[in-house]
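Shown next, in structure tokens, is the structure this report addresses.
We did not get these values from a lab; they are worked out from the coordinates using the rules stated. In this text, all values refer to a predicted model and were calculated from it rather than measured experimentally. In this analysis, Cβ positions are derived from the backbone assuming ideal geometry, glycine residues included, and neighbour counts consider all displayed protein chains.
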Amino acid sequence: MTKTLYAEFTVKEGSENRVAEMMATLAEHVRKEPGNVTFLPYTRETNPREYFVFEVYRDEQAFQDHIVAEYGREFNAELADHIEGDGSVLTWLKPLA
């Protein structure tokens with residue numbers, strides 16, 4: 001069964017360009033993961049500081065492989081300095097029958 005999540009975070013004012021660069025690099029890496037099905041980052045049209053990332057992984061193991069990747073750890077460590085709040089808000093999704 002696929003592992004699907006929706007992540008949200010808001011970038012601090014002044015960090016917009018850096019986070020956009022970071023997200024572009026992260027997307028390149030994640031999309032090359034063998035177990036990644038979809039990795040789609042978005043910003044809100046009316047507020048480009050608000051990010052929404054839709055992610056789908058082949059299965060639980062593919063997701064576990066994703067979260068231990070070094071580039072992901074580096075991304076999350078740096079992102080913490082550039083976003084409001086304590087971190088991304090994750091929403092786990094399951095498909096309708």
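Assorted remarks:
- Convex hull projection area averaged over all views, the chain, Cα basis, nm²: 6.4 nm²
- In the chain, the DSSP-assigned H stretches of four residues or longer account for a calculated mean residue ellipticity at 222 nm of -10500 deg cm²/dmol, using -39500 (n - 2.57) per stretch and the full residue count as denominator.
- Residue among Leu40, Leu79, Leu26 with the largest mean-square fluctuation in a Gaussian network model of the chain, springs linking Cα atoms under 10 Å: Leu40
- Residue order for Tyr6, Tyr71, fewest other beta carbons within 10 angstrom first, comes to Tyr71, Tyr6.
- Of all lysines in the structure, not one has an alpha carbon short of 24 Å from that of Lys12, not counting any fewer than 8 places away in one chain.
- Within-15-Å neighbourhood charge of Asn36 [Cβ basis; K, R +1; D, E -1]: -2
- Within the chain: Cβ-based charge dipole about Cα centre, in debye rounded to nearest 20 (Lys, Arg +1; Asp, Glu -1): 320 debye
- Length released on extending from Asn17 to Asp65, taking residue separation times 0.36 nm less the Cα-Cα span: 14.5 nm
- The gain in end-to-end length when the Thr25 to Arg73 segment is fully stretched comes to 16.0 nm, 0.36 nm per residue minus the alpha carbon separation.
- Shape of segment 40-97, Cα gyration tensor, a/c cut at 1.5: oblate
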